[in-house]
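Presented below is the structure to which this report refers.
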Amino acid sequence: MPFFSRRMRRRRRPFGRPRLRAGGRALRELQAAHKLLRSGRHSAAADIFEELASLAEARAPQRAPQLHFQAGRARLEAGQVPTALNHLRRGLHLLALGGAAERLAATAARVIAGLRQHGLQDEAEELERELAAPPFELAIGEFEPEVRRSRPDLRPNCPACGAVARPDEVEWFEHATALCAYCGSIIPPTSSAE
């Protein structure tokens, strides 16, 4: 059989998780949004994160919460508090629907701390009350992250989309493999030592 007529086999991602295609429009927009966020152009970055979040809800729902959190963060930095709160609430709601209780608690604690750092005490307290009621039923003040075995240090940013790689936000598979919460790309460790 000639080489050019053979079918190429597709490599499967861990547990079949979808990722944004390298060079795809969504990945290019995600890269641009992270670059805009780092350069201080928060409103422009938020516009892109919002568009990607709505697309992700339909096509890659496990990526949507992170995109809503980034849209909320960008709107918060731009001083657009009501819109920021809507995105933060939507991201938390999507995480709750996904059933990731520990990730939800850790993210909610970080969101509330971020609101307080921006001087939004009333909004932080209101969100904390909302999270204590059904369907969330979280006690943020009592949250303590689960102690996990040591994992390798990650590079500071995803090599594909440029997102900040936080160990408590990435998806861990086995011991040393981390997937970006935004695009699903593998984030290599800084060293191979464990």
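Each value in this text was obtained by applying a stated rule to the coordinates, not by laboratory testing. All figures in this text were calculated on a predicted structure; none of them were measured in a lab. Cβ placement follows ideal geometry from the backbone for every residue including glycine, while neighbour counts extend to all protein chains displayed.
Rounded, prolate or oblate: which fits the stretch 53-106, taking a ≥ b ≥ c as square roots of the Cα gyration tensor eigenvalues, rounded meaning a/c under 1.5, else prolate when a/b beats b/c? Since a/c reaches 1.5 but b/c is at least a/b, the shape of the stretch 53-106 is classed as oblate. Take the Cα of Leu97, go 7 Å toward its beta carbon, and the backbone nitrogen atoms of the stretch 55-81 under 20 Å from that spot belong to 55-73. A cut-off of 5 Å between modelled amide H atoms, ignoring neighbours fewer than 5 places along the same chain, links Asn157 with Ala165. Between Trp172 and Asn86, the FRET efficiency estimated from the beta carbon spacing at R0 = 25 angstrom works out to 0.25. Note on Arg155 and Arg28: the extension gain reaches 43.7 nm, defined as 0.36 nm multiplied by sequence separation minus the Cα-Cα distance.
In this structure, Arg59 and Asp122 have a Cβ-Cβ separation that, at R0 = 35 Å, corresponds to a calculated FRET efficiency of about 0.45.
Per-residue Karplus couplings for the stretch 44-57, computed as 6.51 cos²θ - 1.76 cosθ + 1.60 with θ equal to phi - 60°, are listed in order as 5, 5, 4, 4, 5, 4, 5, 4, 5, 5, 5, 5, 5, 4 Hz, Gly and Pro entered as x.
Summing +1 for each Lys or Arg and -1 for each Asp or Glu among the other residues whose beta-carbon sits under 11 angstrom from that of Pro188 gives 0.
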